[in-house]
Each structure stands twice: as C-alpha cells, then as structure tokens.
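Below: one structure, written as structure tokens.
The values are calculated or read from the model by the stated rules, or taken from the named source; none is laboratory data. Note that the coordinates shown come from a computational prediction; the quantities given were computed from them, not determined experimentally. Here the Cβ positions follow ideal geometry from the backbone for every residue, glycine too, while neighbour counts run over all protein chains shown.
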Amino acid sequence: MRNGFSPKVLAPVILMLIFGSSCIKDKCTRTYTYLQPVYRTTDEVRANIKSNAPVEIQRTGKIYLKDQFIFMNEPDKGIHIIDNGDPYTPKNVAFIDIPGNIDLAVKGNILYADSYTDLVAIDISNPLQVKLKNVTEGVFPHRQYWGGFVADTGRVITTWEARDTVVVADCGTEGVFGILGRKDMLLVNGCANCSNDWSFALNSSNSPGSQAGIGGSMARFTLVNNNLYTVSHSSLSVFNVTNAEEPLFKKDISIGWDIETIYPFKDKLFIGSMSGMYIFNISNPDEPVQTGTFTHVRSCDPVVADDNYAYVTLRNGSMCNGFVNQLDVVDVKNVAAPFLLKSYPFTNPHGLSKDGNLLLICDGKDGLKINDVSNPNDIKLLSRVEMSETFDVIAWRGLALVVATDGLYQYEYSDPSAPKLISKITF
Amino acid sequence: MQKKLFVLFIAAFFVQVCSAQQQKDNPGNKKIVFHSFNMMNLLYNTQGLNAGLQSVNGFSFSGTFAGIGAGMDWYGIRSAPVFFDLRQEFKLGRARFFGYGNIGYNISWPGNSVGQPGFSSEYKSEGGIYYDLGFGYLIPFNGKNAMVISGGYSVKEMVEKYGFSPCSFSPGQCPAMQYERYDYRFQRLSLKIGWRF
C-alpha cells in the first residue's frame with residue numbers, strides 16, 4: 001500500500017474498534033437520591049413535642065386558623081406556629097416537632113395532631129410554650145410507608161437523610177428493533193423507584209365550631225362540638241373530646257376506598273373520596289350514619305358545603321388517575337338523594353373555601369379564583385389571582401389564607417373583584 | 001475522554017492519508033460537485049440491534065467530501081443526530097472506497113411513552129455528543145450515482161431525567177418530588193446501505 005495506507009497498519013485499529021467488547025457495549029448510569037431513616041426513641045420524640053425555635057418552612061402542609069395564630073403542618077416533621085395578629089406582618093414564632101405529622105385540628109386550647117399511628121393532644125394556650133398532654137397510641141394503624149418499607153417499630157423516624165448514589169443502569173437496549181427492549185426497561189425502572197424509603201402517609205382538618213378553629217378543605221381531621229372526626233384511606237374514625245385533653249376513641253366506620261377529605265356543616269359530615277362524596281348525619285355525634293352518596297368519575301375531590309349545595313372540585317393527578325378538572329355543584333337539599341346540579345370547567349382545582357356567596361378555589365397553576373355562587377346555576381368568576389401552584393385556601397372574614405408551592409399568601413377580598421395581597425411568607 | 005481523543009486522532013489520521021491518496025490518484029479532479037448520501041443504518045452491539053436513517057448533503061472537491069447530515073436513530077432511545085460529515089474517497093485498483101467521520105449533536109427525541117402514572121410525573125431528556133467513524137465502498141452507476149455500503153463505529157449520548165412523586169393527592173400527604181437521572185452512552189457498530197447521487 002502506498003503512502004502508509006496499509007491494511008497491516010489499519011487492520012488492528014479497525015479490529016480493536018469493532019471487536020473490543022467494551023467499545024461495543026452500551027454504558028448507562030442511574031443517579032438518584034435515596035432516603036435513610038433517622039430514628040429516635042419514643043421518649044425522646046415525646047419530650048421534643050414542645051414549642052421549639054421557629055424553623056424555615058420547607059414544604060407545604062395542612063393549615064389551621066385559630067384566633068390570631070396559623071398552625072401550618074410541615075409534612076412528617078411537625079407544625080409551624082405563625083402569629084397572624086397583624087396579617088400584614090405575620091411572624092413565624094415557633095415549631096412543634098411532631099414526627100409523622102400530617103393533619104391537625106384545634107378545639108379550645110387543645111391541638112390534635114397525628115404522629116404516625118398515634119393521636120397527640122397538645123395544650124396551645126400559650127403557643128410559645130405548648131405542652132404535650134396526651135398520646136392515644138395506635139389509632140391510625142393505616143399509616144404506612146410507600147414501597148413496602150418497614151420501619152423499626154421500637155423507635156420513631158424523625159427525619160430522612162438523603163444520600164446521592166450512582167449505579168450502573170440497564171440500558172434497555174436488549175432485543176431487536178426495540179422488541180423486548182427499552183419500553184420494558186422504562187417500566188422496570190419506574191417501579192424501582194417505588195422501593196425507595198418513602199414515608200407515605202395515607203391519612204392525615206377543618207371547620208368552624210364553637211371553640212374550634214378553621215381548617216382547609218383538604219383536611220382529614222375535623223372537629224364538631226365535642227367530637228373529633230378523622231378519615232383514613234378507607235374509614236371514618238370518631239373520637240369524643242368532651243375532655244379535650246384526653247380524646248377518647250369511640251369507633252371506626254368503614255366507608256370505602258380512596259377517602260380523601262372531610263368537611264363538616266351543621267349536623268352533617270361531607271366526606272370526599274376519589275369516586276364520590278359521602279354524607280353522614282351526626283345528630284348523634286358518637287354514631288355517624290351515612291345518609292347519602294354522590295358518585296362521580298374517579299378523581300381527587302375536596303368538598304365544601306352549605307345547607308343546600310355541596311361544592312366538589314374534581315381534578316386529575318398521578319394519584320387520582322382522573323381526567324376531569326371541574327367544579328361540581330351538588331344539590332344536597334335532600335341528603336338522601338344528592339344530585340348533580342351543574343359542572344363548571346377548571347384547570348386543576350384543589351382546595352376551596354366558601355364565605356357567604358363567594359367561593360374561593362385554588363386552581364392549581366391558574367392561581368386563586370374568586371367566584372360568585374349566589375346562583376349555583378350560573379357561577380360567575382369575579383377575579384383571578386396569579387400565583388404559583390395553589391393547594392388550599394381558608395376564607396375567613398374577608399381574609400383569604402392561601403397555601404401555594406412557594407409560600408403562604410394572605411389576600412384581603414372585601415372587593416372580591418380586586419383582591420389585595422397583604423402579606424406573604426415565602427417558603 | 002481519552003477514548004474520544006483517540007478516536008478523533010484516528011479519524012484525523014485517516015482523512016489525511018486518504019486525502020494524500022486521492023491527490024495522487026486523481027490529480028486533475030478539481031471540480032466542486034454536489035452529492036447527497038441517503039442511507040439506512042443498522043446499529044448493532046452486544047446488547048441489541050436497531051435501525052436508523054440518515055441523509056448527508058454536501059460538496060466534494062478533489063475526492064474530499066464535506067457536508068451536513070441529519071437522521072433518525074432508533075437505537076436505545078429515539079433521537080435525531082445532526083452532524084458534520086467529512087469523507088475521503090480513494091481507489092484500490094478499480095474499487096472505490098471511502099473513509100468517513102461524523103461528529104455532531106444527538107438531539108433527544110424520545111418516542112417511548114414516558115411518565116408512569118403514579119410514579120413519574122416529570123420527564124426531561126437532553127441530547128449529547130454523536131460521532132461515527134468508518135469505511136465504505138462505492139458502486140457507481142449511471143454517472144455520479146452510486147450505491148453506498150459502509151461499516152463503522154457509532155456513539156451517541158443522551159440524558160433522561162425523571163421526577164417522581166408518588167401522588168399529587170394534596171399538600172402534605174406525599175413526599176416531595178424526587179429526581180433521578182440516567183446517562184446513556186450507546187456504542188454501536190453501524191452498517192449503512194444507501195444511495196448517493
């Protein structure tokens with residue numbers, strides 16, 4: 001060969017490129033973070049259920065309004081206490097460490113909160129010096145971890161440490177022309193993630209009562225007079241709190257699957273599930289009786305109600321598997337036979353709150369929408385407030401407390417067509 | 001990185017040798033000619049077999065061709081490589097051979113169904129480097145037309161990012177979004193068959 005272009009020279013190079021096995025093998029890596037539980041003893045955890053120094057709010061949780069204080073849950077960690085004496089300048093004043101906490105409700109000076117499978121009662125007469133009064137153990141047995149993780153039952157998980165990991169991954173290229181190849185790998189890898197050590201709370205507050213505070217529509221705890229009602233994934237639990245410091249578990253009522261929220265109105269409980277809304281009569285507070293059911297397509301559905309109508313937001317989402325995003329107005333004048341009055345399209349409606357003829361709806365990325373519902377057959381949008389993704393709202397005496405992904409907003413809506421932002425606590 | 005540099009070195013060496021060869025064989029060939037290479041691509045390695053399509057268009061001068069190519073590549077994760085193509089023809093007896101080198105960017109264009117209900121709620125993919133080096137054989141017919149057969153070594157890189165949230169149930173009831181990243185480097189043998197005009 002001329003000019004050094006000799007097969008004898010090039011052949012080894014070509015052969016190395018072609019047959020060097022490492023050169024013709026796919027190389028794929030998976031980089032992920034897994035969570036490692038950090039345990040403490042039960043005694044240590046209970047000793048720490050007190051007013052600790054305020055901590056930065058990191059994740060959006062359930063909210064509860066009691067007098068001048070906002071109690072906001074930091075999922076699985078505890079409750080932030082925010083002094084809202086001056087709504088223009090709310091102050092994050094304390095944090096109660098409650099591992100495994102998702103939900104809360106307040107009666108008088110007692111705050112009820114879940115801590116994994118336990119119900120704790122905390123004296124909040126002085127929010128800066130709260131005291132643990134009682135622990136009712138094992139009343140929320142349905143709490144479980146995502147992906148089959150089994151925790152050490154002798155201790156309590158207080159937090160999770162994130163650890164970054166890089167591992168060799170299956171490239172999913174096996175097969176011919178993609179048959180038995182990549183699509184199968186996607187499925188496998190998707191499920192592989194489920195086995196991470198996620199703490200997933202299946203249970204978890206809400207409404208005006210004589211001494212109660214006000215909860216959001218996403219609540220799973222609610223207080224009516226001397227009873228605390230909580231919903232799990234499949235049941236309604238009744239606690240008698242006549243002696244507020246010592247809640248007495250009365251009974252569990254099996255309802256159905258995929259229960260999400262609970263909302264009280266007078267002598268009724270409206271319970272939202274992914275497939276419908278259940279109405280319970282609580283004339284006998286210790287013995288709720290199911291009086292009616294309204295069935296809808298599968299979706300997530302917080303609910304609020306008044307004497308005549310229930311307002312149910314339906315949304316899609318990865319957990320809910322639904323495909324509708326709308327507000328259903330359900331006629332509940334006859335609680336034994338509720339029926340759909342009318343549906344209104346929304347973007348991705350979450351929590352909602354009713355104040356007189358105003359219905360405030362958190363419409364996901366569309367922000368907060370204030371609607372005139374004086375005529376449920378012809379609901380009119382009065383205003384829309386743009387903000388980051390909104391989850392839940394409490395409307396109370398012209399003040400809307402809105403939980404969004406990036407903060408806790410307060411809007412004054414005396415003029416509902418032009419709500420005014422008065423403060424924001426940024427997460 | 002060392003491997004990439006090695007491959008680039010081999011490519012540069014190859015083009016240099018071929019260019020010298022071409023100059024010697026066709027000293028009078030000084031005309032700029034447009035060519036279009038349109039090829040089907042079989043991609044194979046020890047793990048799988050898949051296909052691709054490519055079209056390369058450019059100009060040749062004195063046996064050296066330079067052009068821009070684009071195509072579809074279904075190996076692993078579907079993508080669309082866009083690349084600079086350099087090739088050099090040379091003759092061995094009456095046979096017409098060429099060596100080629102491609103380097104460019106592999107544009108991510110996933111065709112698989114992504115996002116598993118309940119698990120993956122965010123998905124993002126990114127492209128990466130693409131290169132292909134090899135040798136080929138031209139079978140001329142009807143003027144400047146030719147059937148093209150080539151074999152080479154092809155690499156494409158991609159990144160996928162998944163965001164997982166077990167649910168979008170309500171605030172506080174689901175763990176925060178969790179992300180994971182997949183870095184892919186697909187290293188294949190490439191057999192191309194096509195037509196040049």
Give me the pairs, please: first residue somewhere in the stretch B:182-195 and more than 7 Å from chain A (Cβ to nearest Cβ), second residue anywhere and surrounded by 23 or more Cβ atoms within 10 Å (Cβ to Cβ) and aromatic (Phe, Trp, Tyr), beta-carbon distance under 9 Å, and either six or more positions apart or on two chains. B:LYS192/B:PHE37; B:GLY194/B:PHE37; B:TRP195/B:PHE37
So, A:LEU401, is that one touching a Leu at 6+ places or on another chain (Cβ under 9 Å) and assigned to a strand (DSSP E or B) or not? yes
Does A:TYR64 qualify as being aromatic (Phe, Trp, Tyr), under 30 Å from B:TYR162 (Cα atoms) and crowded, with 17+ Cβ neighbours inside 10 Å? no
For the stretch A:392-427, which residues satisfy the criterion of being in contact with a Phe, Trp or Tyr (Cβ under 6 Å, 6 or more places away or on another chain), among the β-branched types (Val, Ile, Thr) and farther than 25 Å from A:GLU260 by Cα? A:ILE422
Given the conditions (1) out of contact with any strand residue (DSSP E or B) (no Cβ under 9 Å at 6 or more places or on another chain); (2) at pLDDT below 50; (3) not hydroxyl-bearing (Ser, Thr, Tyr), report the number of the one that B:GLY93 does not fulfil. (2)
Just name the residue that is modelled with the highest pLDDT out of those in the stretch A:356-405 that are within 21 Å of A:MET72 (Cα to Cα) and of a type in the set (Asp, Glu). A:ASP363
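Per-residue answers, yes or no, for (1) more than 18 Å from the chain's Cα centre (by Cα); (2) over 30 Å from A:VAL168 (Cα atoms); (3) among the aliphatic types (A, V, I, L, M); (4) outside any strand (DSSP E or B):
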| position | (1), (2), (3), (4) |
| --- | --- |
| A:THR29 | yes, no, no, no |
| A:VAL45 | yes, yes, yes, yes |
| A:ILE49 | yes, yes, yes, yes |
| A:GLY85 | yes, yes, no, yes |
| A:ALA105 | no, yes, yes, no |
I'd like to check something: does the stretch A:248-265 contain any residue that is under 22 Å from A:PHE69 (Cα atoms), more than 17 Å from the chain's Cα centre (by Cα) and not in a strand (DSSP E or B)? no
Restricting the stretch B:36-51 to residues that are of a type outside the set (A, V, I, L, M) and modelled with pLDDT of 90 or more, the residue that is farthest from B:TYR130 (Cα to Cα): B:SER36
Note on B:ASN29: of the conditions (1) outside any strand (DSSP E or B); (2) over 12 Å from the mean Cα position of the chain (by Cα); (3) at pLDDT 75 or above, unmet is (3)
Is there a residue being within 14 Å of chain A (Cβ to nearest Cβ) and either modelled with pLDDT of 85 or more or part of a strand (DSSP E or B) (or both) anywhere in the stretch B:63-71? yes
Residue under question is A:ASP252, and the condition is that it be closer than 30 Å to A:ASP378 by Cβ and out of contact with any helix residue (DSSP H, G or I) (no Cβ under 7 Å at 6 or more places or on another chain); does it hold? no
When you look at A:ASP286, is it over 26 Å from A:VAL403 (Cβ atoms) and assigned to a loop (DSSP other than H, G, I, E, B), yes or no? yes
Within the stretch A:248-282, the residues that are of a type in the set (Val, Ile, Thr) and touching a His at 6+ places or on another chain (Cβ under 8 Å) are A:ILE259
Condition check: under 23 Å from the mean Cα position of the chain (by Cα), part of a helix (DSSP H, G or I), modelled with pLDDT under 70 and surrounded by fewer than 20 Cβ atoms within 10 Å (Cβ to Cβ). Does A:GLY209 satisfy that? no
By residue number, the members of the stretch A:52-83 that are within 14 Å of chain B (Cβ to nearest Cβ) and either part of a strand (DSSP E or B) or in contact with a Cys (Cβ under 7 Å, 6 or more places away or on another chain) (or both) are A:ILE63, A:TYR64, A:PHE71, A:MET72, A:ASN73, A:GLU74, A:GLY78, A:ILE79, A:HIS80
From the list A:SER388, A:SER343, A:SER414, pick out the single residue that is over 24 Å from A:SER275 (Cβ atoms) and more than 20 Å from the chain's Cα centre (by Cα). A:SER414
Just to check your reading of the model, which residue among B:SER125, B:SER121 is in a strand (DSSP E or B), more than 27 Å from B:ARG87 (Cα to Cα) and at pLDDT 85 or above? B:SER125
Restricted to the stretch B:35-53, and to residues that are polar (S, T, N, Q) and under 13 Å from B:SER154 (Cα atoms), which residue is farthest from the other protein chains (Cβ to nearest Cβ)? B:ASN41
Of residues in the stretch A:345-404 being basic (Lys, Arg) and out of contact with any strand residue (DSSP E or B) (no Cβ under 7 Å at 6 or more places or on another chain), the one surrounded by the most Cβ atoms within 10 Å (Cβ to Cβ): A:LYS365
Pair list, Cβ under 8 Å, 6 or more apart: the stretch A:411-427 residue of a type in the set (Val, Ile, Thr), other residue surrounded by fewer than 12 Cβ atoms within 10 Å (Cβ to Cβ): A:ILE422/A:TYR88
